[in-house]
Amino acid sequence: MKKNRAATAAAVCGALLIAGCSSDFGSDGDAEQDSSGKQKLTVMIGSSGDAETNAVKAAAAAWAKKTGNTVTVVPAQNLDQQLGQALAGGKPPDVFYVGSSVFANYAKGNSLYAYGDKLSDKEDFSATLRNSFSYEDKFVCAPKDSSTLGLAINTKMWKAAGLTEADHPKTWDDLTKVAKKLTGDKVSGLVVNSSYNQLGPFLKQAGGWITNADQTEITADSPENVEALTYVKKLLDDGVLTYPKQVDAGWGGEAFGAQKAAMTIEGNWLTGAMTNDYPDVDYQVVPLPEGPSGQGTLSFSTCWGIASKSAHRDAAVSLVESFTTAEQQVEFADAYGVMPSRTSALATYEKQHPQDKAFVDGSAYAQGPVTLPGFTKVLDQFDTDLAGLAKADPKKILGDLQTNGEQVLKSNG
């Protein structure tokens, strides 16, 4: 690929590959493989900080010592941009983080080596996580961790409102009642990000979702989804649910930690944020309340991608297998707060982190993200529409989501 063509491809597709670029970045499936005894691999990560970087470096060093290979771990300043440029330039890292939101775009662009079915105990990853990283019926890459959503409750505010554990909301009606009790002059009963990532569980709890199970149909404009957004709109109208910007916060966790919110809906990443930034705030996490159709939460993950153009694919698979053993995943969890993606590791994790039980339990019924190529722009628009839900018609928002989603689905062929 010529330099100017690579630069153009990187500029167009680099950041988040929002348009679902299918440039043939990794089409050379027969890339010459290094057969030497000692190979040099590069791993690019989007690190949350020194704890994560050091943990990955330590795991890589242990594998290198065992195998005689060499591994260089590169914490990217901007993973999507740097990875996009590396893929477009034809010299990608051997192994790298791939978020579920951009996975399908990379898979469609032939940038990823599909090694998932070669993994031992691949069924130990939940079906939801395997589906999140499957493309055209191939399990492409191993989930490195998992996250689900729960309802975080400020225990001091809860007690001050005269509420007990028996009042933990089990239904939507329960949630409405406690949110009203907890709302005051300076505190919102419930602060939730105005994004489908946090409001999406209500769709599932109502029996709806954005697509059907195998993502071959868009199912956004349904009575179930309308019921869900109508419920959220009522909470907004009643003033018991607010968005972070309404309380001068950047996200639900910040509003919760600053005690501007008595409750929030967030993932297990909240644990680290509270420990680091708000260690004096007492709280607990309980399962999200059930809706008309039962339980519902969302699942999020990142996978260990292997470049299709890597000259070290067999060694890279071996490295990923070492990164994803149950034992190593528990070590990663202890080091920087992620939740294991292997089901066998979750039991150990729950014993060591009992406060995260609601997150662990949610793994059994969580809905994975929409991973259609090019769908990021559709979800961005959906988020924009959800931000204005208080003054909008839920049916129109969902109708627009339906139309935009069908256009992308049609363009994917």
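The values are calculated or read from the model by the stated rules, or taken from the named source; none is laboratory data. Please read all numbers here as calculations on a predicted model, not as lab measurements. Virtual Cβ from ideal backbone geometry, glycine too; neighbours counted across all protein chains shown. These accessible areas exclude ligands, DNA and RNA; they are computed on the full protein's heavy atoms, side chains included. Shrake-Rupley method; radii C 1.70, N 1.55, O 1.52, S 1.80 Å.
Among the residues of the range 202-222, are any among the aromatic types (Phe, Trp, Tyr), more than 18 Å from ASP383 (Cβ to Cβ) and touching a residue at least 40 places away in the same chain (Cβ under 8 Å)? Spell out how you get there, then give the answer.
Looking only at the range 202-222, we keep the residues that are among the aromatic types (Phe, Trp, Tyr), and these are 202, 209.
If we keep only those that are more than 18 Å from ASP383 (Cβ to Cβ) as well, we get none.
No, every residue in the range 202-222 fails to be among the aromatic types (Phe, Trp, Tyr), more than 18 Å from ASP383 (Cβ to Cβ) and touching a residue at least 40 places away in the same chain (Cβ under 8 Å).
When the residues of the range 170-194 are narrowed to those that are free of Cβ contacts under 8 Å to residues at least 12 places away in the same chain and among the acidic types (Asp, Glu), which ends up least open to solvent (accessible area, probe 1.4 Å)?
Here is the first cut: in the range 170-194, the residues free of Cβ contacts under 8 Å to residues at least 12 places away in the same chain are 173, 177, 184-185.
Those left that are additionally among the acidic types (Asp, Glu): 173, 185.
Details: ASP173: 105, ASP185: 166 Å².
Here the answer is ASP173.
Residues in the range 243-254: is at least one without any contact (Cβ under 8 Å) to a residue 24 or more places away in the chain, in a loop (DSSP other than H, G, I, E, B) and either open to solvent by 10 Å² or more (accessible area, probe 1.4 Å) or under 23 Å from GLU165 (Cβ atoms) (or both)?
Yes: the range 243-254 contains one or more residues that are without any contact (Cβ under 8 Å) to a residue 24 or more places away in the chain, in a loop (DSSP other than H, G, I, E, B) and either open to solvent by 10 Å² or more (accessible area, probe 1.4 Å) or under 23 Å from GLU165 (Cβ atoms) (or both).
Suppose we filter ASP214, ASP173 for residues that are charged (D, E, K, R) and more than 22 Å from the chain's Cα centre (by Cα); which single one remains? Reasoning before the result, please.
Values: ASP214 fails: more than 22 Å from the chain's Cα centre (by Cα).
Criteria check complete, one pass: ASP173.
ASN197 - would you say it is in contact with a Gly (Cβ under 9 Å, 6 or more places away or on another chain), surrounded by 23 or more Cβ atoms within 10 Å (Cβ to Cβ) and either modelled with pLDDT under 95 or not in a strand (DSSP E or B) (or both)? Before the answer, list the steps.
Working: in contact with a Gly (Cβ under 9 Å, 6 or more places away or on another chain): yes; surrounded by 23 or more Cβ atoms within 10 Å (Cβ to Cβ): no; either modelled with pLDDT under 95 or not in a strand (DSSP E or B) (or both): yes.
So ASN197 does not fit the description; no.
When the range 352-407 is examined, which residues are found to be within 23 Å of LEU236 (Cβ to Cβ) and aromatic (Phe, Trp, Tyr)?
PHE382
Residue by residue through the range 255-271, note down the ones that are in a helix (DSSP H, G or I) and either more than 24 Å from ASP167 (Cβ to Cβ) or of a type in the set (A, V, I, L, M) (or both). Let's see the steps before the verdict.
Going through the range 255-271, the residues in a helix (DSSP H, G or I) turn out to be 255-257, 269-271.
Hits for the range 255-271 are ALA255, TRP269, LEU270.
For the range 67-77, enumerate the residues that are surrounded by fewer than 19 Cβ atoms within 10 Å (Cβ to Cβ) and either in contact with a helix residue (DSSP H, G or I) (Cβ under 7 Å, 6 or more places away or on another chain) or touching a residue at least 24 places away in the same chain (Cβ under 8 Å) (or both). Walk me through how you get there before you give the answer.
Taking the range 67-77 as the starting set, the residues that turn out to be surrounded by fewer than 19 Cβ atoms within 10 Å (Cβ to Cβ) are 67-68, 70, 72, 74-77.
Within the range 67-77, THR67, GLY68, THR70, THR72, VAL74, PRO75, ALA76 qualify.
Can you say whether TYR97 is assigned to a strand (DSSP E or B) and closer than 24 Å to THR42 by Cβ, as far as the supplied structure shows? Walk me through it before giving the result.
Working: assigned to a strand (DSSP E or B): yes; closer than 24 Å to THR42 by Cβ: yes.
So TYR97 passes the test.
Condition check: among the acidic types (Asp, Glu) and either more than 30 Å from LYS181 (Cβ to Cβ) or in contact with an Asp or Glu (Cβ under 8 Å, 6 or more places away or on another chain) (or both). Does ASP314 satisfy that? Steps first, answer last, please.
Values: among the acidic types (Asp, Glu): yes; either more than 30 Å from LYS181 (Cβ to Cβ) or in contact with an Asp or Glu (Cβ under 8 Å, 6 or more places away or on another chain) (or both): yes.
Considered against the rule, which asks whether it is among the acidic types (Asp, Glu) and either more than 30 Å from LYS181 (Cβ to Cβ) or in contact with an Asp or Glu (Cβ under 8 Å, 6 or more places away or on another chain) (or both), ASP314 comes out as yes.
Evaluate the range 33-41: report whether one residue or more is surrounded by 14 or more Cβ atoms within 10 Å (Cβ to Cβ), modelled with pLDDT of 95 or more and of a type in the set (Lys, Arg).
Yes; the residues of the range 33-41 include at least one that is surrounded by 14 or more Cβ atoms within 10 Å (Cβ to Cβ), modelled with pLDDT of 95 or more and of a type in the set (Lys, Arg).
Select the helices (runs of 4 or more DSSP H) contained entirely in the range 338-413, then report the ones holding at least 2 residues which are surrounded by fewer than 17 Cβ atoms within 10 Å (Cβ to Cβ).
Values: elements: 343-352, 357-362, 376-387, 394-411.
The qualifying helices (runs of 4 or more DSSP H) are 343-352, 376-387, 394-411.
Here are SER126, SER146: which of them is modelled with pLDDT under 95 and surrounded by 24 or more Cβ atoms within 10 Å (Cβ to Cβ)? Please lay out each step first, then the result.
Details: SER126 fails: surrounded by 24 or more Cβ atoms within 10 Å (Cβ to Cβ).
Answer to the check: SER146.
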